[in-house]
Amino acid sequence: MVLEAIRYNDGKLSIIDQLQLPFVEHYFEIQTSEDGWQAIKKMQVRGAPAIAIVAALSLASELQALVKANTLPSKAEEAEAFIIERLKYLVSSRPTAVNLSDAAGKLQDTVSKRLKTPKSTAKDVANAFIQAAEAMLAKDVEDNTRIGDNGAKWILANALSSQRGSATVLTHCNTGSLATAGYGTALGVIRSLHSSHALQHAYCTETRPYNQGSRLTAFELVHDNIPATLVTDSMAAALLSRTEGRVNAIVVGADRVAANGDTANKIGTYGLAVLAKYHRVKFLVAAPLTTIDLATKSGNDIIIEERPASEVTRIKGSQEDDITGDSKLGTVRIAADGINVWNPAFDVTPAELIDGIITEKGVAERGPDGQFHLDGLFE
Ligand code: MRU
């Protein structure tokens, strides 16, 4: 059975609660843009493409309900203003991933265009939004499948030192079905290698402090029967230094790729890229074009979200009763009370450490000048 993090049908949106994974598979309904904002902020849904899609569909669901109840603002201009205000609000939920603001900009263009069509009603404007939001869901899955195949081909052609024909890949954070509309980006590359019998082994990092690797990626790898091993973040250097069962490539996702290729992704990505350089392991970023932000010149211009201290000082998990063996979800404290905490959710990997950016259009490599020229991907 395919893992579905986002379920949407005719104005009814429900998502799996990622705060409870991998212990409880619980879906809950998102009826309004307010529900969508809360779910994104609390990280019940996370991952750059998934955030954008849930935001768009949360507003689509709200509009669908208003259309059905005949309670949309009466004028087309008012419907447009309502949508624009709601989109602005949704974009304020998390700042680093560009997919959300990219989606909001495209959806705003769609409704503004519809408004300019003579005799457009408020319902026409709302329906134009709903259709465009629904199309984003379908397109993301298509793009991810292409990213997966492009990345798998690139790795087999460029990252294997022997004629072995199968690759061992390390990934960080969660970039799979849970972080996208389905299939995944970096995890999509691993899925594609696996489905063509070209995956020797996958490693996933724990990804402290929020444990997207041990909770979510490990869950997806087990779910799909992909041969995989979990390591803590601090084990990556030792793993890369091994000659037996050598890691051929590190593949990660992205929250925002700047015009020069500098990439913001989950905290810890930068460290892995430095390690990859030292150990001569290929380092790849897998991301749809919606994650590439040509308006942001370099990594220096990317806003890095800082998250609450409690994510570092506490950990959520399945608590087991030593005597009865019963388990329940719970939170435990793991740090000394009173300690200061710095909790940046992302870091920026400089372009010079990246061997390729895998997109649905192909794999961009640095040119003879040592620079990425990503604008070519949009032609
Ligand atoms: O804080 P998160 O869990 O939303 O961070 C997710 C990541 O950093 C992913 O690598 C990125 O969004 C790409 S998901 C396809």
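Residue-level analysis places residue 96 among those that are touching a residue at least 40 places away in the same chain (Cβ under 8 Å) and of a type in the set (Val, Ile, Thr). Tallying residues that are in a loop (DSSP other than H, G, I, E, B) and modelled with pLDDT under 95 within segment 315-336 yields 6. Scanning segment 90-113 for residues that are open to solvent by less than 10 Å² (accessible area, probe 1.4 Å) and hydroxyl-bearing (Ser, Thr, Tyr), we see that the one that is farthest from the ligand (Cβ to nearest atom) is 93.
Do any helices (runs of 4 or more DSSP H) lying entirely in segment 88-203 carry at least 3 residues that are assigned by TED's automatic domain parsing to the domain that holds residue 40, and which ones are they?
98-116, 122-158
Put simply, of 157, 181, 186, 135 the only residue that is within 12 Å of the ligand (Cβ to nearest atom), on the phi < 0 side of the Ramachandran plot and open to solvent by 10 Å² or more (accessible area, probe 1.4 Å) is 181.
Among the residues of segment 318-356, those identified as touching a residue at least 60 places away in the same chain (Cβ under 8 Å) and either β-branched (Val, Ile, Thr) or loosely packed, with under 11 Cβ neighbours inside 10 Å (or both) are 348, 349, 354.
Here's the yes/no breakdown for (1) acidic (Asp, Glu); (2) within 16 Å of the ligand (Cβ to nearest atom):
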residue	(1), (2)
35	yes, no
40	no, yes
44	no, yes
50	no, yes
72	no, no
77	yes, no
83	no, no
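Number of residues in segment 5-21 that are open to solvent by less than 30 Å² (accessible area, probe 1.4 Å) and not polar (S, T, N, Q): the value is 8. Taking (1) more than 27 Å from the chain's Cα centre (by Cα); (2) open to solvent by 80 Å² or more (accessible area, probe 1.4 Å) in turn, residue 375 satisfies each apart from (1). Residues considered: 46, 86. Of these, the only one that is among the charged types (D, E, K, R), within 30 Å of residue 263 (Cα to Cα) and open to solvent by 10 Å² or more (accessible area, probe 1.4 Å) is 86. Checking each residue in segment 260-271 for being in contact with a helix residue (DSSP H, G or I) (Cβ under 6 Å, 6 or more places away or on another chain) and either closer than 11 Å to residue 293 by Cα or near the ligand (Cβ under 7 Å from one of its atoms) (or both) picks out 260, 261, 262. Just wondering, is there one or more residues in segment 207-230 that are surrounded by fewer than 24 Cβ atoms within 10 Å (Cβ to Cβ), touching a residue at least 24 places away in the same chain (Cβ under 8 Å), within 20 Å of residue 246 (Cα to Cα) and of a type outside the set (A, V, I, L, M)? Yes, because at least one residue in segment 207-230 is surrounded by fewer than 24 Cβ atoms within 10 Å (Cβ to Cβ), touching a residue at least 24 places away in the same chain (Cβ under 8 Å), within 20 Å of residue 246 (Cα to Cα) and of a type outside the set (A, V, I, L, M). Sub-7 Å Cβ pairs linking a first residue in segment 256-275 that is outside any helix (DSSP H, G or I) to a second residue that is modelled with pLDDT of 95 or more and of a type in the set (Phe, Trp, Tyr), at least 6 apart or interchain, are 260/372; 261/372; 264/346; 265/346; 266/346; 267/346, ordered by first then second residue.
The values are calculated or read from the model by the stated rules, or taken from the named source; none is laboratory data. As the structure is a computational prediction, the values presented were derived from the model and not from experiment. Positions of Cβ are generated from backbone atoms using ideal geometry, with glycine treated the same way; all protein chains shown enter the neighbour counts. SASA here: full protein model, heavy atoms, side chains in, ligands and nucleic acids out. Shrake-Rupley method; radii C 1.70, N 1.55, O 1.52, S 1.80 Å.
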